[in-house]
Amino acid sequence: MTLNLESMIKAAAKKTKADLVIKNGRIIDVFNLEIIEEDIAIKNGMIIGIGNYDGEEVVDAEGAFICPGLIDGHVHMESSMIHPHYFTRTILTHGVTTIITDPHEIANVSGTSGIQFMLDATEECPIDVFFMLPSCVPATSFEHNGANIEAHDLAPFYNHERVIGLAEVMDFPAVRDSDEAMVAKLAQAIQHDKKIDGHGAGLAPEDLNIYASAHIKTDHECVTAQEAKERLKRGMYVMMREGTVAKDVRSLIHLVNERNARRFLFCTDDKHLDDLVNEGSIDHNIRIAIQERLDPLLAIQIATLNAAECFSLKDRGAVAPGYLADLLFIEDLEKFTIKDVYKNGKRIKEQDHLHSPIAVPDLLKDSVNMKPIHKKDLKISVETDQPCNIIEIIHNSLVTKRIKETVTTYNGEFVPNIEEDQLKLAVIERHKCRGHIGLGIVKGFQIKNGAIASTVAHDSHNIVTVGTSDENLLIAVQAIEQMKGGLVVVCEEKIVASLPLEISGLMSNMPTENTLSSLKDLHDALQLIGSQNNFNPFVALSFLSLPVIPELKLTDTGLFDVTKFEHIIIQAK
C-alpha cells in the first residue's frame with residue numbers, strides 16, 4: 001500500500017475529503033478501554049481522523065461496535081492442511097487481518113525451499129502475513145527430518161520485508177549449554193534487531209532466566225497461571241493459545257487484570273481447518289475470554305494492540321489516526337459476532353481475493369522417500385510379565401504421561417490388546433530413505449479394529465501410525481506412500497478414507513470446501529474403527545513424535561523421555 005503523506009494530512013485537516021467515512025459506529029478505544037461515538041475517516045487505506053468528517057463514500061455502521069482487525073501472534077499455517085492462499089481467506093472471514101507465522105513445519109520437510117514457498121504463497125493474499133524464521137530444524141538431534149537449517153541458511157531471509165524475527169526456540173538444552181549453532185542463530189536475530197519467540201514447555205523458573213537473558217521475549221507454552229506469572233515477572237509476553245489440541249485460554253485468563261494485561265496476547269499455534277471454519281480463529285479466543293468474565297474491551301486490546309506492540313507492528317492494532325484501516329463491525333460485543341470486515345479501508349466480500357494459488361515446486365510434491373517396510377520391521381520384543389513403558393495420551397492436550405503396565409505377548413512379541421487399549425505405535429522416517437523405524441506402545445486411542453496414519457507428525461513430520469494389528473499398520477503406511485503424503489483410515493485391513501496432502505505431506509492444494517469434505521469423510525471413518533468423539537485422534541497422533549513436550553514421545557529412532565531428554569527402552573527396568 002502506497003503512503004501518500006501529503007494527501008493524508010490534507011484529508012486529516014479537512015482540506016480535502018476522506019476516501020471513506022464511517023458514521024454511527026461505536027469505536028472500541030483500545031488505549032483508554034472506552035467506547036466512543038465519532039466518525040472514522042479513512043484515506044489511502046489508513047485512518048486519518050476520529051471526529052466529524054465528510055468523505056467521498058459514507059458508510060452507516062448502524063450502531064455496530066468497531067474494533068481493530070485481529071492479530072494472531074503465533075500460527076503455523078501448515079497445521080490447517082490447506083494452501084496459504086485458502087488459509088488466509090478462511091481466517092479473514094473471522095476478523096483476522098494480520099498473522100505472525102512460523103513455517104517451521106514445512107521447513108522440517110523441505111528446508112529453505114519450504115520457507116521460500118510460504119513467502120511466495122503469501123505475497124498477494126488478502127491479509128498481512130509476517131514471518132518468524134524457524135530456529136530449530138530439526139527440533140532436536142534425537143530425530144531425523146528432511147533438512148538442517150543453520151544460521152547461514154537463514155541469513156538471506158532477514159532481508160525480506162515481512163521477516164520480523166526468529167521463531168519459537170524449542171531446543172532449550174542448546175540455549176542453556178550455549179550450543180554454537182544455536183548461539184549463532186540468536187546472535188544473528190539480535191544483530192538484525194529482530195524479535196525472538198520462545199517455547200518454554202515445562203521450564204522451571206530458573207530456566208526462564210536463561211531464555212530471557214538470550215533475548216527470548218515471548219512464550220506460548222504456558223498451561224497454568226503460575227507458569228504465566230513466572231514469565232511476566234521476567235518481562236516476557238505470554239501468548240494465550242487456543243488451538244485444536246492445546247486449549248489454554250481458560251486456564252490463563254483469570255491471571256489477566258488491568259495492571260498486567262498489556263503483556264498478554266492471543267495465538268492459535270496449531271489449528272485444523274474444520275475447527276477454524278466452525279469455531280474461528282482469534283475471535284474464538286476473545287469469546288472464551290469474555291465467557292470467563294474478562295472485560296470485552298480488555299479482550300479486544302489483547303487481540304489487537306498488545307500483539308501489534310509485541311512485534312513492533314506500529315501501524316496496526318487500534319482505531320486511531322496513523323493506523324491501518326483494518327476494522328471489524330461487531331453486532332454483539334458479549335458474543336463477539338462479526339458483521340463486516342474491512343482490510344485497508346476496503347470492505348471484504350466473500351468473492352474477493354480469488355487469486356489462483358501459486359504453483360507448487362516439484363520438490364515439495366515429492367516428499368515421501370522411504371525404504372520398503374515389512375511386517376518383521378514392526379516387531380516389538382518384550383518379556384512376558386515384565387512391565388513396559390507406555391505412552392498414555394491425554395485427550396485434548398499436547399502433554400502425555402509415561403506409565404508402566406504389563407502387556408500381552410505371543411512368542412516374545414508385544415500383541416495389541418483392545419480391551420486394555422494398548423495399541424502399537426510406529427514412527428517411520430520418510431525423508432531420505434534412512435530406514436529408521438521407532439516403535440512403541442500407546443494407550444488412549446480406543447481404536448477397536450484398524451489403524452490410522454499421517455505424514456503430519458510434529459516436528460520432523462515422518463510417517464506416524466497407530467493400530468490394532470501389524471496388517472492394518474502396513475496397509476495404512478503403504479497408502480500414505482502411494483499418496484505421497486496425507487492422512488488415512490484403515491478398517492479391517494481396508495482403506496476407508498484418505499486425504500492426500502501433496503505439499504510436503506502437510507497441505508492440500510484443493511479448495512477449502514473440498515478439503516473440508518475429505519476431513520469429514522475421515523472423521524466419519526474414525527467411528528467405524530471405534531474412535532470416540534471426545535477428541536481428535538489425528539491431532540493427538542500428530543504430536544506423539546514431538547520430543548520437546550513432556551513426558552513420553554516416540555521418534556523415528558525410539559521411545560523418548562522428554563523429562564530426561566534421552567531415549568529409553570520399551571521394557572521398563
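Read-outs throughout are calculated quantities, based only on the coordinates presented, and are distinct from any laboratory measurement. On a predicted model such as this, the values are computed, not experimentally measured, just so you know. Reconstructed Cβ throughout: ideal geometry from the backbone, glycine too, with neighbour counts over all protein chains shown.
The table below gives the values:
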| item | result |
| --- | --- |
| Rel. contact order, % - alpha carbon contacts under 8 angstrom, at least six apart, region 364-567 | 22 |
| Alpha carbon centroid spacing (whole Å) that separates region 245-298 from region 301-318 | 15 |
| Unit charges on C-beta of K, R, D, E only; dipole of the chain, Debye | 500 |
| Straight-distance crosslink candidates among lysines, where the alpha carbon sits under 21 Å from residue 43 and sequence neighbours closer than 8 are dropped | 10, 14, 15, 17, 23, 314, 343, 346, 349 |
| Label-point separation in nm, residue 260 to residue 123, each point 7 Å along Cα→Cβ | 4.5 |
| Per-residue [θ]222 nm for the chain (sum of -39500 (n - 2.57) over DSSP H runs n ≥ 4, rounded to 500) | -7000 deg cm²/dmol |
| Placed amide H near residue 530: partners under 5 Å, 5+ positions off or other chain | 448 |
| Under-5 Å amide H pairs with residue 435, H placed in peptide plane, nonlocal only | 371 |
| 367, 312, 518 arranged by Cβ crowding within 10 Å, fewest neighbours leading | 312, 518, 367 |
| Qualifying aspartates and glutamates (Cα of each under 15 Å from Cα of residue 573; at least 8 residues distant if same chain) | 383, 385, 405, 561 |
| Read-out log10 I(q)/I(0) by the Debye sum over Cα atoms at q = 0.07, 0.13 Å⁻¹, derived from the coordinates shown; its label in (1) -0.42, -1.53; (2) -0.78, -1.28; (3) -0.42, -1.32 | (3) |
| Anisotropy class of region 1-159 from Cα gyration tensor, a/c 1.5 cut | prolate |
| Simple label model, 7 Å out from Cα along Cβ direction - residue 13 to residue 366, nm | 6.3 |
| Under 5 Å, built H, 5+ apart or other chain: amide partners of residue 74 | 100, 268, 269 |
| Relative contact order computed over region 68-316 (Cα-Cα under 8 Å; 6+ residues apart), in percent | 20 |
| Alpha-carbon centroids, region 134-163 and region 460-521: separation in whole Å | 27 |
| Farthest positive-ward along the chain dipole, Cα basis, beta-carbon charges - from 456, 433, 50 | 50 |
| Segment residue 152-residue 52, length gained on full extension (0.36 nm per residue, minus Cα span) | 30.7 nm |
| Gained length - residue 332 relative to residue 386, 0.36 nm times residue gap less alpha-carbon distance | 13.5 nm |
| Cα centroid separation, region 328-343 to region 420-445 (Å) | 45 |
| Kirkwood-Stokes translational diffusion coefficient of region 364-567, alpha-carbon pairs, 20 °C, 1.002 mPa s, µm²/s | 128 |
| Cβ crowding within 10 Å averaged over residues, with 108-120, 236-248 ranked highest first | 236-248, 108-120 |
| Reach of residue 217 by Cα under 18 Å, taken over aspartates and glutamates that are not fewer than 8 positions away in the same chain | 72, 102, 168, 171, 193, 197, 206, 207, 227, 230, 269, 309 |
| Of 335/520; 443/520; 404/564; 371/484, pairs whose Cα-Cα distance is over 22 Å | 335/520; 443/520 |
| GluC sites (Glu not before Pro) lying in DSSP loop within region 370-454, provided at most 15 other Cβ fall within 10 Å | 383, 419, 420 |
| Nearest-20 debye value, region 364-567 charge dipole, Cβ charges on Lys, Arg, Asp, Glu | 420 |
| Whole-Hz ³J(HN,Hα) from phi, Karplus 6.51 cos²θ - 1.76 cosθ + 1.60, for region 364-374, glycine and proline x | 6, 8, 10, 9, 9, 10, 10, 6, x, 10, 10 |
| Estimated distance in nm for a label pair at residue 521 and residue 178, the labels positioned 7 Å out from Cα along Cα-to-Cβ | 5.6 |
| Estimated vicinal HN-Hα couplings, Hz - region 258-265 in sequence order (Karplus 6.51, -1.76, 1.60; Gly, Pro = x) | 5, 7, 10, 4, 5, 9, 10, 8 |
| Cα gyration tensor, region 68-316 - rounded (a/c under 1.5), prolate or oblate | oblate |
| Of all DSSP beta bridges in region 68-316, antiparallel share, percent nearest 5 | 5 |
